[in-house]
Amino acid sequence: MKRRDLILAAAGAALWSSTGRGQQASRIVGVLGIGSQDAVRANFAPAKTRMAEVGFIEGQNLAIEYRAADYQQDRLPGMAGDLVQRRVAALVAFSGPAVSAAKAATTSIPIIFFTGFDPSASGFVNSLNRPGGNVTGVSILTPELNFKRLELLHELVPAAKTIAFLYTRTGITSEDTSHKSVQQAAEALGVKMLLFSVSNPIDLDESFARAEGEGAGAGAGAGAGAGAGAGAGALIVNSDALFQNNRQKVIALAAHHKLPAMYAIAEYVADGGLISYGTNYTDAYRQVGEFVVRVLKGDKPENLPVQQVTKIELVINAKTAKSLGLTVPLALLGRADEVIE
């Protein structure tokens, strides 16, 4: 090969390589969440790790655009629309409101959700096995476990005749069903349940104070039948993103008000919370990454059944129980998947 031809061939190869990298890097994944920017990034981190393991690496052949609503739900539609305008190859939505916003923004871009709401009852998919349309993802058991959470908390704190339930009001269709299940569980166990709607991190202090000290009118979401009398003797914290993303503050407030608290996520207990019963979120977030990989490789969401995470863990922090003056029943310790000393 002549020297001139060799130079041209090398230049052409370099141009092809550069163009190829550019085309690969143009694959953008959008990530939309209700919480803070840091929280959205942290939630997506296990998914990003899983994607990197199979060759989709940020900065090499992938770009990731994060959008965080800072707990202002009305910002989600605009953010979802912005990601659609960016021509993302897939749109990941954390939390029910984010899924609704993403679904309203596009009927063509694949949407991968992570939610504790019933995907079918909430209108996210046609059915779990046949999602239809452009939406699928990972569903964790939350409302279905409320009875068991209450039962376990009642076993640990039998003296608590009034129990508070902290949640975030979202307007998702299946939300009322979840709250009714909590009330029904309380009635079955003979305890009074108070519902507290918390819409912003700055409301947490007041919500905990009122849960501890009040019965009547306790919080914006106080349930029917929350009559006058002593405050809650224990509480259940729902799996909503607001609480998860402000985990340290929630744990500190529970300790300050000496309220035994049941959580839906084991990370709370690892950080000093009392007891949890629910899904391993890190594993579930990795499954989100699996879905993103599949749609980036060309699979259609309509052909990817919703993945329900059914592995449930019971975790107890014995040190926290001792600080609250609680003796954990041996039967409960025996059923725990992990006991933190």
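The values are calculated or read from the model by the stated rules, or taken from the named source; none is laboratory data. Just so we're clear, the structure is a prediction, and the values are computed from it rather than from any experiment. Here the Cβ is made from the backbone with ideal geometry for all residues, glycine too, and neighbour counts use every protein chain on show. Side chains included, ligands, DNA and RNA excluded: accessible areas come from the protein's heavy atoms. Shrake-Rupley method; radii C 1.70, N 1.55, O 1.52, S 1.80 Å.
What's the extension gain from residue 297 to residue 248 if we count 0.36 nm per residue and subtract their Cα-Cα distance? Stretched fully, the residue 297-residue 248 segment lengthens by 13.8 nm. Please give the FRET efficiency for residue 184 paired with residue 308, using the beta carbon to beta carbon distance and R0 = 22 Å, rounded to the nearest 0.05. Calculated transfer efficiency: 0.50. Cross-link pairs exceeding 32 Å between alpha carbons, from the set 48/311; 148/249; 180/297: 180/297.
Compactness of the stretch 248-337 was expressed as the Cα radius of gyration divided by 2.2 N^0.38 Å, which yields 1.44.
Straight Cα distances below 18 angstrom link residue 322 to the lysines 258, with same-chain residues fewer than 8 positions distant left out. When all protein chains stay in place and ligands, DNA and RNA are ignored, the 1.4 Å accessible-area order of 51, 79, largest first, is 79, 51.
Here the Karplus relation 6.51 cos²θ - 1.76 cosθ + 1.60, evaluated at θ = phi - 60°, turns the backbone of the stretch 40-48 into coupling constants of 5, 5, 5, 5, 7, 4, x, 5, 5 Hz, with x for every Gly and Pro.
Residue 49 exposes around 70 Å² of accessible area when a 1.4 Å probe is run over every protein chain in place.
One chain, two ends: residue 341 and residue 104. Fully extended at 0.36 nm per residue, the span grows by 80.6 nm beyond their Cα-Cα distance.
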